[in-house]
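Quick notes on the structure that follows.
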Amino acid sequence: MNSSQTLYLRPGTPLTGAIRPPGAKSGTVRALLCGTLAAGTTRIENAGSGDNIRAMATACRLLGARIDEGDDRTWTVEGVDHRLPETAELDAGNSGIVLRLLTAVGAALPHCTVGTRNAASLGRRGNHEIIDTLRQFGARAVGRGDEACPPLVVGRGAGLRGGRVTVSGRRSSQFLSGLLFLAPLVGSDVEIEVVDGLSSVPMAMTSVTALARAGITVDVSDDHLLYRIAGGQRYRPAEFAVASDASSVAGLLAAAAAVPGSVTDVSGFAGDDLGTAAMIDALGTMGVRIDRRGSVLTCHGARTVRPIQLDGSACPDSILPMAALAAFADGTSVFSNVETLRFKECDRITDFCRELAAAGVAVEERRDAIIVHGRGAVAGGTEVFGHHDHSVIMAMATIALRSERGLTIRGCDAVGQTYRGFFDDLRTLGADVTEVPDAAGAADVPNTVAGTAGSPESDAREATMSDERYDERYADSLRRITEGIRAWNARCAAQDPAVLEVQPAPGVWSIKQNTWHLADAFEATTIRLRAMLTEDGPQLLRFDADEWAADRDYQGRPWYEAIAKLNEQLGRLMVTASGLDAAQLTRPGRQYNIAVNILGRPTEELSVLDLLEFEAAHVDEHTESTVKIIDEFGAPAVGAPTAGGPDGQR
């Protein structure tokens, strides 16, 4: 699977057959850490295999565990009996629970760093809640910025102390889970009081259950806000039977339910792991027939979907697929009490609602709710983005399979965080899933402008685009933009955060400022393209880089916001710019600075293709500036100072 996989899902084919999704990430990573801290051999049956589970397994090995991954999803872990190394540098992948568990346990080491290579996703998630509480234990604990974004640096300092500590549970129960795993390593009685409410009781209780299996008793108050762990307890080896992943089960059931005529068996169901039973009840309310035979769930495609009013706190990992299914109901569905979704691999409320809207769904967001105004049908025929989040990707697959014209989903590789074989399993069940070229071949990707692959609009487009004068220049422009930003992400993720803030000379932009600038430039270009494609010779938006930089305080705002916006705006630009035919590429607009001052044209008129080629050159220019800064200030290369910086009006 390539690093930016794009797939087109054609609608209408019933899903029939039997699938066993992978073991739950939540269960597998907790079992791995329990086994690592225990003395002896822990056995994990039906272990998951997603990228984030691999990240936890790698981290546990660095903590001293020996892990054998069996061929039949059965893993064994030889633990360290509380004897942890002096130092460790750990990578949490793109998982919040892995990050918070490792950070808390890492505080029992003299020195531990927990980071991520996923700057645009996990790298922008705050952790000040767990950092603040670790300090109450006497640990040294710091993160990046006021929100304590990764990397997180922790250690036991002069020694950890027990007693009563407090932690906020409003944004995530994962902070509590991490502290529960740390408590037995402290050596004395610990009481953890949850303040500001607890976002997900089922997830917290998953940790309590895993600890109990490993010999650690946690006394929990009736309101789930006070947790007592007696001192002197030690992790013991155990056997863990991991249920199928709740979000994966939800993704498969919603996809099957979306297509009338589907009869799909999903195995590995084990009661109420992270709200799976609540999700099944909710699907029943929506008119989906699901039969249970032991650990096997049989889902029947629903011809009619009913709207639902659901408190989503009981099944947070299942909300997005159900919200996608609700788009095909006649009426309004409300998924409430789900603010915790904002603090996942992406903002699963705002980002997901944007992609639903792009697909043609009428949707609203609230601080803690998703409101879907179902109209019985969804047009589709567009391109959407997965936001580095497996749950968003699987939910958009549900939209695609029942929509009128299917969907193209970019960034599908991120589904591997939890369920590497998701799209292969959909194919096994009969879904029509085809891989499409990335940006270099984006002219063949269905979207709002060009129409669905195989449609008359698409055939006409392909015939028109046979003119190589446009085809090659167009494809090259899109390739340079997307590959440039892909490389930009990789280079920046490898740098110390301080390097990203360096201004090599007065008036010369830092990497962070360049990143903000490119994000805003993509936003401006998208606005210009939309005007050119819908209006006759419009006067295009004026974009003064210096004014935007001053107004938006590029250097003063957080890095994680900059890189997140850059990737978001790239996605918006690609949705608008992909799949254009020759007639569209020659549509004119008017922008004096670009046409006359930069491109050297005799008039202020330029074409859509001119604008895309200009933006590709613009990415190249700022990439060169960034490389120079890294060469001079980032290890290991040392080079000449950059000459990059503000590029005036565009």
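The residues of the range 393-422 that are surrounded by 24 or more Cβ atoms within 10 Å (Cβ to Cβ) and in contact with a strand residue (DSSP E or B) (Cβ under 8 Å, 6 or more places away or on another chain), listed by number, are 393, 396, 397, 399, 400, 401, 406, 407, 408, 409, 410, 412. Could we say that residue 381 is of a type in the set (Gly, Ala, Ser), on the phi > 0 side of the Ramachandran plot and in contact with a Gly (Cβ under 7 Å, 6 or more places away or on another chain) here? Yes, satisfied. Against the condition in contact with a helix residue (DSSP H, G or I) (Cβ under 8 Å, 6 or more places away or on another chain), assigned by TED's automatic domain parsing to the domain that holds residue 258 and within 17 Å of residue 252 (Cβ to Cβ), how does residue 277 come out, does it pass? No; evaluated as a whole, the condition is false for this residue. Note on the range 305-327: residues that are under 22 Å from residue 387 (Cβ atoms) and either assigned to a loop (DSSP other than H, G, I, E, B) or aliphatic (A, V, I, L, M) (or both) amount to 9. Looking at the range 1-71, the strands (runs of 3 or more DSSP E) lying wholly inside it that each contain 1 or more residues that are surrounded by fewer than 16 Cβ atoms within 10 Å (Cβ to Cβ) and acidic (Asp, Glu) sit at 41-45, 66-69. Evaluate the following for residue 239: is it in contact with a strand residue (DSSP E or B) (Cβ under 9 Å, 6 or more places away or on another chain) and under 24 Å from residue 82 (Cα atoms)? Yes; evaluated as a whole, the condition is true for this residue. Does residue 221 qualify as being out of contact with any Leu (no Cβ under 8 Å at 6 or more places or on another chain), polar (S, T, N, Q) and free of Cβ contacts under 8 Å to residues at least 60 places away in the same chain? Spelling it out, residue 221 is indeed out of contact with any Leu (no Cβ under 8 Å at 6 or more places or on another chain), polar (S, T, N, Q) and free of Cβ contacts under 8 Å to residues at least 60 places away in the same chain.
Among the residues of the range 213-242, those identified as surrounded by fewer than 22 Cβ atoms within 10 Å (Cβ to Cβ) and more than 21 Å from residue 165 (Cα to Cα) are 213, 215, 236, 237, 238, 239, 241. The set of residues from the range 168-179 being crowded, with 24+ Cβ neighbours inside 10 Å and assigned to a strand (DSSP E or B) comprises just one member, 169. Residues that are at pLDDT 90 or above, surrounded by 24 or more Cβ atoms within 10 Å (Cβ to Cβ) and in a helix (DSSP H, G or I) within the range 103-132 comprise 103, 104, 105, 106, 129, 130, listed in sequence order. Do the conditions hold for residue 136, that is, is it crowded, with 20+ Cβ neighbours inside 10 Å, at negative phi and polar (S, T, N, Q)? The answer is no for residue 136.
Looking at 155, 159, 145, just one residue is touching a residue at least 40 places away in the same chain (Cβ under 8 Å), out of contact with any helix residue (DSSP H, G or I) (no Cβ under 6 Å at 6 or more places or on another chain) and surrounded by fewer than 16 Cβ atoms within 10 Å (Cβ to Cβ), and that residue is 145. When each of 260, 184 is tested for being outside any loop (DSSP other than H, G, I, E, B) and touching a Lys or Arg at 6+ places or on another chain (Cβ under 8 Å), the lone residue that passes is 184.
The values are calculated or read from the model by the stated rules, or taken from the named source; none is laboratory data. Not measured: the values here are computed from a predicted model. Here Cβ is always computed from backbone atoms with ideal geometry, including for glycine, and neighbour counts include all displayed protein chains.
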